[in-house]
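Heads up: the structure comes next, in structure tokens.
The values are calculated or read from the model by the stated rules, or taken from the named source; none is laboratory data. Bear in mind the structure is a predicted one, so any value in this text is a computation, not a measurement. Note that each Cβ is placed from the backbone with ideal geometry, even for glycine, and that neighbours are counted across all protein chains shown.
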Amino acid sequence: MAKSSETLKEMRECGADKLVRDRGLSPETASDYAKVFMTGVQERFKGGAVYIGTGFAERISERDWEIWEKFNGKNQEELGRRYGITGRQVYKIIETIRPLAIDKVQGSLF
């Protein structure tokens, strides 16, 4: 079996396993959904290289986005108390989200 076929099979199995674990689908239904999804991926990208990132931006918690929205440059201690974290942790959250928030508003400049 070609490497790409093995990778696609592994991705289908991974998707099906995730649907069973996280969504409570039966293994048969999850497998069917995963096959349909992977067929769509194959049709869309047709042999092109596909980068699969870590999903970091998508996993940033709702709490962190709330902190970003409420941060005014001087209220890190207050936000820390409100969310049960330190002022330094608030700054780390701001440092993490700032580039994502800017990119969200501006998009790519190049």
**OP:** Just name the residue that is nearest to ASP103 (Cα to Cα) out of those in the range 49-89 that are more than 22 Å from the chain's Cα centre (by Cα) and among the small types (Gly, Ala, Ser).
**Re:** GLY73
Original post:
Residue check, GLY84 against (1) modelled with pLDDT of 90 or more; (2) surrounded by 12 or more Cβ atoms within 10 Å (Cβ to Cβ), all met but one. Which one?
Top reply: (2)
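Yes or no, residue by residue, for (1) on the phi > 0 side of the Ramachandran plot; (2) touching a helix residue (DSSP H, G or I) at 6+ places or on another chain (Cβ under 6 Å); (3) of a type in the set (S, T, N, Q); (4) in a loop (DSSP other than H, G, I, E, B):
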{"position": "GLU6", "(1), (2), (3), (4)": "no, no, no, no"}
{"position": "ARG12", "(1), (2), (3), (4)": "no, yes, no, no"}
{"position": "VAL20", "(1), (2), (3), (4)": "no, yes, no, no"}
{"position": "THR39", "(1), (2), (3), (4)": "no, no, yes, no"}
{"position": "GLY47", "(1), (2), (3), (4)": "yes, no, no, yes"}
{"position": "THR54", "(1), (2), (3), (4)": "no, no, yes, yes"}
{"position": "GLU69", "(1), (2), (3), (4)": "no, no, no, no"}
{"position": "VAL90", "(1), (2), (3), (4)": "no, yes, no, no"}
Original post:
Is there any pair with a first residue in the range 85-108 that is more than 16 Å from GLY73 (Cα to Cα) and a second that is modelled with pLDDT under 85 and part of a helix (DSSP H, G or I) whose Cβ atoms are under 7 Å apart and which are 6 or more apart or on different chains, and what are they?
Top reply: LEU100/ALA57
